[in-house]
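The values are calculated or read from the model by the stated rules, or taken from the named source; none is laboratory data. Everything quoted here is computed from the prediction, not taken from an experiment. Cβ placement follows ideal geometry from the backbone for every residue including glycine, while neighbour counts extend to all protein chains displayed. With ligands, DNA and RNA removed, areas are computed over all heavy atoms of the protein, side chains included. Shrake-Rupley method; radii C 1.70, N 1.55, O 1.52, S 1.80 Å.
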Amino acid sequence: QVQLVESGGGLVQAGDSLRLSCAASGRTFSMYAMGWFRQAPGREREFVAAIRWSDAYTSYADSVKGRFTISRDNAKKTVSLQMNSLKPEDTAVYYCAAGSRAWGSLKSMYDYWGQGTQVTVSS
């Protein structure tokens, strides 16, 4: 089992920046990739970004490309999401996820999920 705990959410204004962090514990040696997803009220949970643990290869949703950056700290077993130029449409609960078998933009690729952290961007 892998436990994930997110932190760093909050209320910001459009154009501001925010940094989310996710701390992993437990059987972290089994992790192949980690990702961030988000879910706005009344909408499906959607892919934001992912990073492959071995070589830090990254992937982003088109909606956040150029504004968000995912990174990982191998020693601390944390993954971060730096969010710049935030927009009201970025408002959502952000979830950290970890996968042991594959990586990518599909929710089914991830085995473990955090509890989520709220990000609210006001206009």
Q: Work out, step by step, the length gained on full extension between residue 11 and residue 73: first 0.36 nm times the residue separation, then minus their alpha carbon distance; give nm to one decimal.
A: 19.8 nm
Q | Radius 13 Å from Cβ of residue 16, net charge of other residues (Lys, Arg +1; Asp, Glu -1) | A | +2
Q | Selection of trypsin sites (Lys or Arg not before Pro), region 59-102, meeting DSSP coil and at most 16 other Cβ within 10 Å | A | 65, 67, 76, 101
Q. Between region 58-123 and region 1-49, how many Å separate their Cα centres?
A. 4 Å
Q) From the square roots a ≥ b ≥ c of the eigenvalues of the alpha-carbon gyration tensor of region 1-65, which class results: rounded (a/c under 1.5), prolate (a/b over b/c), or oblate? A) prolate
Q | Net charge contributed by nearby residues that have their C-beta within less than 13 Å of residue 6 (K/R +1, D/E -1) | A | +2
**Q.** Lys/Arg +1, Asp/Glu -1 at C-beta; the chain dipole; positive extreme among 9, 36, 57
**A.** 57
**Q.** For residue 16, residues with placed amide H under 5 Å, excluding near neighbours
**A.** 86
Q | region 1-77: chymotrypsin sites (Phe, Trp or Tyr not before Pro) falling in loop per DSSP and having at most 16 other Cβ within 10 Å | A | 32, 57
Q.
Suppose every Lys and Arg Cβ carries +1 and every Asp and Glu Cβ carries -1, with no other charges. What dipole size does region 2-55 come out with about its Cα centre, to the nearest 20 debye?
A. 100 debye
Q) Based on Cβ point charges of +1 for Lys and Arg and -1 for Asp and Glu, what charge dipole magnitude is obtained for the chain about its Cα centre, in debye rounded to the nearest 20? A) 240 debye
Q) What accessible area per residue, rounded to a whole number of Å², is obtained for region 8-121 using a probe radius of 1.4 Å? A) 49 Å²
Q) Quick one: with all protein chains in place, what share of the accessible area of the chain is carbon or sulfur, to the nearest percent (1.4 Å probe)? A) 48 percent
